[in-house]
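Here is the structure we will look at.
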Amino acid sequence: MISPQQIEFYRAQGYIVVPDLIDADQLRRARAIVARLLEGARGVRAHTDVYDLEPDHTPDSPRVRRLKTPHRIDPFFRQLIASPAILDVMKALLGTPDVRLTGSKINMKPPKGGSGVEWHQDWAFYPHSNDDLLAVGVMLDDCTLENGAMLVQPGSHKGPVFDHHVDGRFCGAIDAQASGIDASKAVACTGTAGTVTFHHVRLVHASADNRSTGPRALLLYETAAADAWPLLGVGDLDEFNGRLLSGTPLYTPRLADVPVRMPLPPALNQGSIYENQKLVKGRAFAAKAG
């Protein structure tokens, strides 16, 4: 369990970094699955339901920038987010014993140029009836400034919900220049493999390209208090309830006075946040070809 001081820091700053929260065996198993999935990208020529590919990917020399919904690919990733060490921290930060998994992904940064992610707020993608949601980032590799560690703007979760649109359509990124985001105030969430980050759904964050010679993999989960209901609706109630990590289904959404911008109209290209973000003006990180 985290300390009261860590909880207070999260409340004030919008994030915490917890070293060595997963053990060596969990880390080994996660890395082995990722290695197998990356090997499976050989021969793949276009984005799939599993792979989001770097612009310089080739079937003979695979370069993957995201593994999609890993909790659906291998049961280990579903078990990991429900492990007591991680779940106890989520309960403490969300202030409830009832927690739901919203989604998952593994953001990969291959050596020498793995794609960065522009400034954004997760809240822009999936607003709910209240904002007791957080992202959990499991470092599968050491995360450093050089290889593209996550950057956060401390305290920004208490500020506005920024516009994530360009030319009237959702693009999943903030125009950093127009919005006045000061990169000099960013804090890098660095740590060794096995470290876990937790950040509030409204926290402004990003990551730069990987400039190192080694890979960087960050397993990300989106989670929510069970009484937070998605404003875009629930398509499959059984699947929705099946993502509960603890507690029982709740049918009384808690409504909170929180700022919301809907991610509508949708982007013309719904396949990839990376492709959508290339459209934003005032980008903080260099656009890659492709």
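When you go through G235, G191, G214 one by one, which is the residue that is touching a residue at least 60 places away in the same chain (Cβ under 8 Å), over 18 Å from K105 (Cβ atoms) and out of contact with any strand residue (DSSP E or B) (no Cβ under 6 Å at 6 or more places or on another chain)?
Selected residue: G214, the only one of G235, G191, G214 that is touching a residue at least 60 places away in the same chain (Cβ under 8 Å), over 18 Å from K105 (Cβ atoms) and out of contact with any strand residue (DSSP E or B) (no Cβ under 6 Å at 6 or more places or on another chain).
Determine whether segment 264-278 contains at least one residue that is modelled with pLDDT of 95 or more and assigned to a strand (DSSP E or B).
The answer is no, given that none of the residues of segment 264-278 is modelled with pLDDT of 95 or more and assigned to a strand (DSSP E or B).
Residues to consider are P230, P253; find the one that is surrounded by 15 or more Cβ atoms within 10 Å (Cβ to Cβ), at pLDDT 95 or above, farther than 18 Å from Q121 by Cα and in contact with a Phe, Trp or Tyr (Cβ under 8 Å, 6 or more places away or on another chain).
After ruling out the rest, the residue left standing is P253.
Return a yes/no flag: does segment 112-127 have any residue that is surrounded by 18 or more Cβ atoms within 10 Å (Cβ to Cβ) and over 18 Å from Q277 (Cβ atoms).
Yes, some residue in segment 112-127 is surrounded by 18 or more Cβ atoms within 10 Å (Cβ to Cβ) and over 18 Å from Q277 (Cβ atoms).
Please go through segment 85-128 and give me each residue that is assigned to a helix (DSSP H, G or I) and over 21 Å from L21 (Cα atoms), ordered by number.
D122, W123, A124 - these are the residues of segment 85-128 that are assigned to a helix (DSSP H, G or I) and over 21 Å from L21 (Cα atoms).
Do we have S104 as touching a residue at least 24 places away in the same chain (Cβ under 8 Å), crowded, with 21+ Cβ neighbours inside 10 Å and among the hydroxyl-bearing types (S, T, Y) here?
yes
Any residue at all in segment 61-76 that's out of contact with any Phe, Trp or Tyr (no Cβ under 8 Å at 6 or more places or on another chain), among the hydrophobic types (A, V, I, L, M, F, W, C), modelled with pLDDT of 95 or more and farther than 24 Å from D122 by Cα? Steps first, answer last, please.
Let us first name the residues in segment 61-76 that are out of contact with any Phe, Trp or Tyr (no Cβ under 8 Å at 6 or more places or on another chain), namely 61-63, 69, 72-76.
From what's left, among the hydrophobic types (A, V, I, L, M, F, W, C): 73, 76.
Filter once more, so that each one left must be modelled with pLDDT of 95 or more: 73, 76.
Subset that is farther than 24 Å from D122 by Cα: 76.
Yes - at least one qualifying residue is present in segment 61-76.
How many residues does segment 1-30 contain that are within 18 Å of the chain's Cα centre (by Cα), in a helix (DSSP H, G or I) and under 13 Å from L219 (Cβ atoms)?
1
How many residues are within 14 Å of I86 (Cβ to Cβ) and of a type in the set (A, V, I, L, M, F, W, C) when one looks only at segment 8-34?
Looking only at that region, the number is 7.
Restricting to segment 48-82, count the residues that are in a loop (DSSP other than H, G, I, E, B) and in contact with a Leu (Cβ under 9 Å, 6 or more places away or on another chain). Explain how you work it out, then say what you get.
Here is the first cut: in segment 48-82, the ones in a loop (DSSP other than H, G, I, E, B) are 48-50, 54-63, 69, 74, 82.
Restricting the remaining residues to those that are in contact with a Leu (Cβ under 9 Å, 6 or more places away or on another chain) gives 50, 62-63, 74, 82.
Residues meeting the conditions: 5.
Tally time: how many residues in segment 211-226 are part of a loop (DSSP other than H, G, I, E, B) and crowded, with 21+ Cβ neighbours inside 10 Å?
1
Return the total of residues in segment 140-164 being touching a residue at least 60 places away in the same chain (Cβ under 8 Å), out of contact with any Gly (no Cβ under 6 Å at 6 or more places or on another chain) and not in a loop (DSSP other than H, G, I, E, B).
Adding up the residues that qualify gives 4.
What's the total number of residues in segment 172-203 that are part of a loop (DSSP other than H, G, I, E, B) and within 16 Å of the chain's Cα centre (by Cα)?
8
Yes or no: G137 assigned to a strand (DSSP E or B), under 23 Å from I7 (Cα atoms) and at pLDDT 95 or above?
yes
Restricting to segment 41-98, name every residue that is touching a strand residue (DSSP E or B) at 6+ places or on another chain (Cβ under 9 Å), surrounded by fewer than 17 Cβ atoms within 10 Å (Cβ to Cβ) and of a type in the set (S, T, Y).
Residues satisfying the conditions are T48, T69.
Scan segment 1-36 residue by residue and report those that are free of Cβ contacts under 8 Å to residues at least 40 places away in the same chain and more than 19 Å from T190 (Cα to Cα).
S3, P4, Q5, E8, R11, D25, R28, A32, A35, R36
Report yes if some residue within segment 214-224 is more than 21 Å from N276 (Cβ to Cβ), over 17 Å from the mean Cα position of the chain (by Cα) and not charged (D, E, K, R); otherwise report no.
Residues of segment 214-224 that are more than 21 Å from N276 (Cβ to Cβ), as a first pass: 214-217, 219, 221, 223-224.
With over 17 Å from the mean Cα position of the chain (by Cα) added as a condition, the list becomes 214-215.
In the following step, the residues that additionally are not charged (D, E, K, R) were identified as 214-215.
Yes, segment 214-224 has at least one match.
Any residue that is of a type outside the set (D, E), in contact with an Asp or Glu (Cβ under 7 Å, 6 or more places away or on another chain) and surrounded by fewer than 19 Cβ atoms within 10 Å (Cβ to Cβ) - is there at least one of those in segment 164-183?
No; the residues of segment 164-183 include none that is of a type outside the set (D, E), in contact with an Asp or Glu (Cβ under 7 Å, 6 or more places away or on another chain) and surrounded by fewer than 19 Cβ atoms within 10 Å (Cβ to Cβ).
The values are calculated or read from the model by the stated rules, or taken from the named source; none is laboratory data. Only a predicted model underlies this, so the values are computations on that prediction, with no experimental measurement involved. Note that each Cβ is placed from the backbone with ideal geometry, even for glycine, and that neighbours are counted across all protein chains shown.
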